[in-house]
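Comments concern the structure below.
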Amino acid sequence: CGRDGDVPAAATARIAAWARRAAAAAVVIPLLYSVSRFAWLAGIPLGIDRAMLRGLHESGGVWAGAGLATFAVVGAVLTLGLVQRWGEVFPRWMPGIAGRRVPVLLAVIPAAYVSPVVFAAGLGIVTSPAMWHITGYSVVLVMTHALWPLWGVALAVATYGYYLRRRTACRSCGRKG
């Protein structure tokens, strides 16, 4: 085989199974983060006290939070594409590209970039003593941030599973995936 040192077929199957679970985690974690930010925009002090919420509204910080939450939701939806059919073939509602195969690197490159960024940001949150003592912030809310390293790892595993499943056949032996 032209893939010297490649992942054996049995391991590829195990990675694919883990990739589906990892994708689920990589979808749920950013959605948990987003819920609080959208709640704040709606005036609901989810995980923070009323004084902090008032300050966020007065400063306009709720809009920054809503923007970050929106990116997290979009990322969660795109992460689903790593394990759904529409992540392999463009859906019918996409004019000009409907029915065409999604280029593997179109999914792999952004996810491979985002996963270490999220992981590093999460480590920064978890290891920051100040984060655990923010006045007006609940421990539950901090814990949703503490899931970010897991989010980064889960996204990386889901991306790797997608790559193994979608890569082209070996040029020497024809083995797929």
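Structure summary
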{"read-out": "Extension gain from Ser128 to Arg85, taking 0.36 nm per residue of separation minus the Cα-Cα distance", "value": "11.5 nm"}
{"read-out": "For the chain: relative contact order, % (alpha-carbon pairs under 8 angstrom, 6 or more apart)", "value": "34"}
{"read-out": "Accessible area expressed per residue, the chain, with surrounding protein chains retained (probe 1.4 Å, Å²)", "value": "58"}
{"read-out": "Test item: Cα-centred dipole of the range 20-177, Lys/Arg +1 and Asp/Glu -1 on Cβ, debye", "value": "1060"}
{"read-out": "DSSP H segments from the chain that extend 30 Å or more along their own axis, Cα-based, with Kyte-Doolittle mean of 0.5 or above", "value": "9-41, 104-127"}
{"read-out": "Cα gyration tensor shape of the range 94-177, rounded if a/c is under 1.5, else prolate or oblate by comparing a/b with b/c", "value": "prolate"}
{"read-out": "Mean ellipticity per residue at 222 nm, deg cm²/dmol - from DSSP H runs of n ≥ 4 across the chain, formula -39500 (n - 2.57)", "value": "-22000 deg cm²/dmol"}
{"read-out": "Charge context of Leu141, other residues only, Cβ under 15 angstrom, K/R +1, D/E -1", "value": "+1"}
{"read-out": "Stretch gain in nm, segment Arg171-Leu32, where the contour uses 0.36 nm per residue and the Cα spacing is subtracted", "value": "45.7 nm"}
{"read-out": "Apportionment of accessible area to carbon and sulfur, the chain, percent (1.4 Å)", "value": "70"}
{"read-out": "Alpha-carbon centroid distance for the pair the range 78-98 / the range 104-177, whole angstrom", "value": "21"}
{"read-out": "Positive-pole candidate from Gly67, His145, Tyr160, dipole of the chain, charges at beta carbon", "value": "Tyr160"}
{"read-out": "For Val89, residues with placed amide H under 5 Å, excluding near neighbours", "value": "Val102"}
{"read-out": "Peptides ranked, highest mean first, by Cβ atoms within 10 Å: ranges 32-40, 103-111", "value": "32-40, 103-111"}
{"read-out": "Environment charge at Gly43 (Cβ cut-off 13 Å; Lys +1, Arg +1, Asp -1, Glu -1)", "value": "+2"}
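The values are calculated or read from the model by the stated rules, or taken from the named source; none is laboratory data. Values in this document were obtained by computation on a predicted structure and should not be read as measured data. Reconstructed Cβ throughout: ideal geometry from the backbone, glycine too, with neighbour counts over all protein chains shown. Side chains included, ligands, DNA and RNA excluded: accessible areas come from the protein's heavy atoms. Shrake-Rupley method; radii C 1.70, N 1.55, O 1.52, S 1.80 Å.
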